[in-house]
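A short write-up of the structure that comes next.
Derivation of every value follows stated rules applied to the coordinates shown; laboratory data play no part. All of these numbers come straight from a predicted model, not from anything done at the bench. FYI the Cβ positions are ideal-geometry reconstructions off the backbone, even for glycines, and counts take in every protein chain you see.
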Amino acid sequence: MEKKKFTLVLMDAPFENARTVSGLRLVDAALRKGHDVTVFAYEGAAALTFARQTPHANAVHGRDAAQEDHPLPREWVAALFAAARAGGQTLDWINCGLCVDERGVGEFIEGARRGSPADLWKAAEASDNTLVLGAK
Amino acid sequence: MAKYILIESRDPFESNEVPHQYELAASLAREGNTVTLFLVQNGVMPARRSSRSDALARLAKGGVEVLADELSLRERGIGGDRLVAGVAVATIDVVIDQLADGRKAIWH
Amino acid sequence: MTRKVLCVIDTAYRCTLEEQDEPAIWITHAMRGAGADLAVLLRGNAVSYAVKGQDARGLAFGARTQTQPPQLDADVEKLAGKGVEVYVVEDDVAERGLERSDLIAGIKPVSRAGVGRLYGAHDQIWHW
């Protein structure tokens, strides 16, 4: 299949809506199929790559943190970066800078970068297609 | 004419807007466009035969390709034997394939 | 590759007090400033963004007050002033007990049945 470039806009904060996992599934599927992806993380989604997300135990299920083995969004995204590198694709993750600032989530995992709405438009213009997963 | 993929993540039990999206899919198809309705997340709820499934069956009869995300169905315990006629199970890869095909893609 | 994008907004007042803006309208303004060719369709509850006289003033917690409340009707009007076509689904307007005279100027009504044709007239549809 011919390599394409897609832009995906995510808006939901971690752990708040099923759209987060759906969005990551789309990034994963696109990379597996050999395409390049730009994610513009807007609003709450700017926290998905926050480096200080910390795992916890689960007393309700009687599991310590290690047993709970709870993948955090930053880990999912880091794994997607690694998958892109291994496959020779590009995953560009842009966090909306003002959204980052107002949420105090400016420490990103490696690979994510700060940007603005102009970057979204630029990415969309350079992409073959764009999909927005709007928050509700 | 154009090609569309309408991704429906919400269900008519929760949102009054979902029937409007179904009607949008139907009208786009009536106008000669190629239309896929991809159900994901709670959007698969009406895919299990129920009082709200007729709308999906009508869409399929009207020429809309109605697909339901395999993971979303399984997550909600909706078995293949309970699906309303006209809905096919698919993986999320279909969304990527149709984006690659240049379809106008709308997530609701 | 320049494209004409239709930004569809249907969810309303999700975080507008907290953000002092509607994020979908805000980013449309920002992208327009960056040269984007955009139009906006207000549907569902978001038709309310075109209603004149929305007043969100007065939010305060303790001594901390909000001095820049959202002014969504003005923000929508400014978009139209920037050359962004702003459409509103007239069926959604009527269903919410609104009259045309309740809405700001510069808004183009479209029927629910006509939304498909509007989609056809744009290269991409970004549903916020």
Item checked: Shielding score for A:21-33, defined as the mean number of other chain Cβ atoms within 10 Å -> 4
Check: Where the centre of each part is set by its Cα atoms, how far does region A:10-48 sit from region A:99-126, in angstrom?
Finding: 13 Å
Margin query: Given points 7 Å out from each Cα along the Cα-Cβ axis, report the A:Ala83 to B:Met1 separation in nanometres with one decimal.
Written below: 3.5 nm
Check: Along the Cα-to-Cβ line of A:Glu2, 7 Å from the Cα, sits a label point; which residues in region A:34-60 have backbone N less than 18 Å from it?
Finding: A:34-37
Next item on the list: List the relative contact order of region A:11-136 as a percent without decimals, with contacts defined as Cα pairs under 8 Å and 6+ residues apart.
Entry: 31 percent
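Of A:Lys136/C:Lys78; A:Lys33/A:Lys122; A:Lys136/C:Lys52; A:Lys33/B:Lys104; B:Lys61/C:Lys108, which ones are farther than 31 Å apart at the Cα? Mind dumping the intermediate values first?
On the way: A:Lys136/C:Lys78 24 Å; A:Lys33/A:Lys122 23 Å; A:Lys136/C:Lys52 23 Å; A:Lys33/B:Lys104 19 Å; B:Lys61/C:Lys108 34 Å.
Going by Cα-Cα distance, B:Lys61/C:Lys108 fall outside the 31 Å limit.
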Next item on the list: Please sort A:17-25, C:36-44 by packing, taking for each peptide the average over its residues of neighbouring beta carbons within 10 angstrom, highest first.
Entry: C:36-44, A:17-25
Notebook entry, point to check: For region B:34-49 and region C:52-128, what is the separation of their C-alpha centers, rounded to whole Å?
Noted result: 29 Å
Item checked: C:Arg3 versus A:Glu107: modelled label distance in nm, points set 7 Å from Cα along the beta carbon direction -> 3.7 nm
Item checked: Residue-averaged beta-carbon neighbours from other chains (10 angstrom radius) around B:90-102 -> 6
Next item on the list: Search the structure for amide H atoms under 5 Å from the amide H of B:Val66, placed 1.01 Å from N in the peptide plane, and list their residues when 5 or more places away or on another chain.
Entry: B:Leu37, B:Ala88
Item checked: Degrees, to the nearest 10: C:72-81 long Cα axis against longest axis of chain C -> 40 degrees
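Per-residue Cβ counts within 10 Å, from other chains only, averaged over C:22-32: what number is that? Numbers along the way, then the final one.
Working: counts 0, 8, 6, 0, 3, 11, 1, 1, 7, 7, 2.
Partner-chain Cβ atoms within 10 Å, mean over residues of C:22-32: 4.
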Notebook entry, point to check: At B:Ala88 and A:Thr90, where each label point lies 7 Å from the Cα along Cα→Cβ, what is the point-to-point distance in nanometres?
Noted result: 3.4 nm
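How would you classify the protein assembly as shown from its alpha-carbon gyration tensor, with a ≥ b ≥ c the square roots of the eigenvalues: rounded for a/c under 1.5, else prolate if a/b is greater than b/c, otherwise oblate? Could you put the intermediate results ahead of the total?
Numbers: a/c = 1.39, a/b = 1.07, b/c = 1.31.
It is rounded, given that a/c, with a ≥ b ≥ c, falls under 1.5.
Ranked highest first by average number of other Cβ atoms within 10 Å, how do A:74-81, C:57-64 line up?
Values: A:74-81: 18.1, C:57-64: 8.4.
Top to bottom by mean Cβ count within 10 Å: A:74-81, C:57-64.
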